[in-house]
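K.L.:
One structure, as structure tokens, below. Some questions next.
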Amino acid sequence: MKSNFRIRKPTKWPTKEGGLWGRVLKPIQEGMGEDATRAREILTRSQAVVELLSVLDSEVHNGGIHHYFWNSSGDHAEKLLESLCLIGAKPYVTLFKKACTVFPSAIVPTDCKRRRELLADISEERMGKIFDDAFFSLRTAPGKKLESFVEAFIRANPEEFFLRDDEPEPVDSDVDPRLWKSDYRVSRSSVALL
């Protein structure tokens, strides 16, 4: 696993909407592999935001908001709401809050089993009317596409996504990157021997 998932800043920004989002997501998704929990620990805050938004987008496209809440992705609903707020995606904040109202006190349980028990009484069709239809309408509305909000956020926080010009490319390693962060007195070659 890499020690970080930042990439070289493009010499020319992608012109296709979603191109920049995809470009910064690719090393994150490839690097996460089977150990997503460990990989999430080394993401910058902004990378984590972008990754959470990608999960929402993917889950909704694969089966709607019901699918998002049903799967383990729903464990992170509170962080997702914070992420939507952080990138300034107000229409999506409003919509996601509305979807959360199907849960008692509009609080999404972090326990997957409990969440599924509550969702068992709610049809996918009802959830679709609450969230999915409006989500897909927003996705096509000028100036309200999720990609627009995400890419503006990436451009506003380049240090979180892009390497400095003098910084070397991150390398793959079987050594837990948390070790590199926790004890700077140990050389990387010594850590590799562990």
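K.L.:
Can you pull out every residue in the range 6-30 that is more than 14 Å from the chain's Cα centre (by Cα), open to solvent by 20 Å² or more (accessible area, probe 1.4 Å) and at pLDDT 70 or above?
P.N.:
The answer is R6, I7, R8, K9, G19.
K.L.:
Just to confirm my filter: which helices (runs of 4 or more DSSP H) fall fully inside the range 130-194 and include at least 3 residues that are charged (D, E, K, R), at pLDDT 80 or above and closer than 22 Å to S46 by Cβ?
P.N.:
By residue number, 146-156.
K.L.:
Follow-up question, since we're still on this one. Go through the range 49-68 residue by residue and tally those that are under 10 Å from the mean Cα position of the chain (by Cα) and open to solvent by 60 Å² or more (accessible area, probe 1.4 Å).
P.N.:
0
K.L.:
If you don't mind, there's one more thing I want to ask. What's the total number of residues in the range 69-88 that are closer than 17 Å to D132 by Cβ, buried (at least 20 other Cβ atoms within 10 Å of the Cβ) and within 13 Å of the chain's Cα centre (by Cα)?
P.N.:
Number of matching residues: 4.
K.L.:
A further question on this structure: Take the residues in the range 39-48 that are in a helix (DSSP H, G or I) and not hydroxyl-bearing (S, T, Y); name whichever of them is surrounded by the fewest Cβ atoms within 10 Å (Cβ to Cβ).
P.N.:
It comes out as R45.
K.L.:
Being open to solvent by less than 40 Å² (accessible area, probe 1.4 Å) and under 18 Å from the mean Cα position of the chain (by Cα) is the filter here, so list the residues in the range 92-105 that pass it.
P.N.:
Scanning the range 92-105 gives Y92, V93, L95, F96.
K.L.:
Which one of these does R155 not meet: (1) touching a residue at least 40 places away in the same chain (Cβ under 8 Å); (2) surrounded by 16 or more Cβ atoms within 10 Å (Cβ to Cβ); (3) within 29 Å of G31 (Cα to Cα)?
P.N.:
Here R155 clears every test but (2).
K.L.:
Restricting attention to the range 85-125, report how many residues are part of a helix (DSSP H, G or I) and touching a residue at least 12 places away in the same chain (Cβ under 8 Å).
P.N.:
So the answer is 17.
K.L.:
Taking the options A134, A120, name whichever one is buried (at least 17 other Cβ atoms within 10 Å of the Cβ) and over 27 Å from N157 (Cα atoms).
P.N.:
Answer to the check: A134.
The values are calculated or read from the model by the stated rules, or taken from the named source; none is laboratory data. Since the model is a prediction, treat every value here as computed from it, not as a measurement. Please note: Cβ atoms are built from the backbone with ideal geometry, for glycine as well, and neighbour counts cover all protein chains shown. The accessibility values were calculated without ligands, DNA or RNA, using every heavy atom of the protein model including side chains. Shrake-Rupley method; radii C 1.70, N 1.55, O 1.52, S 1.80 Å.
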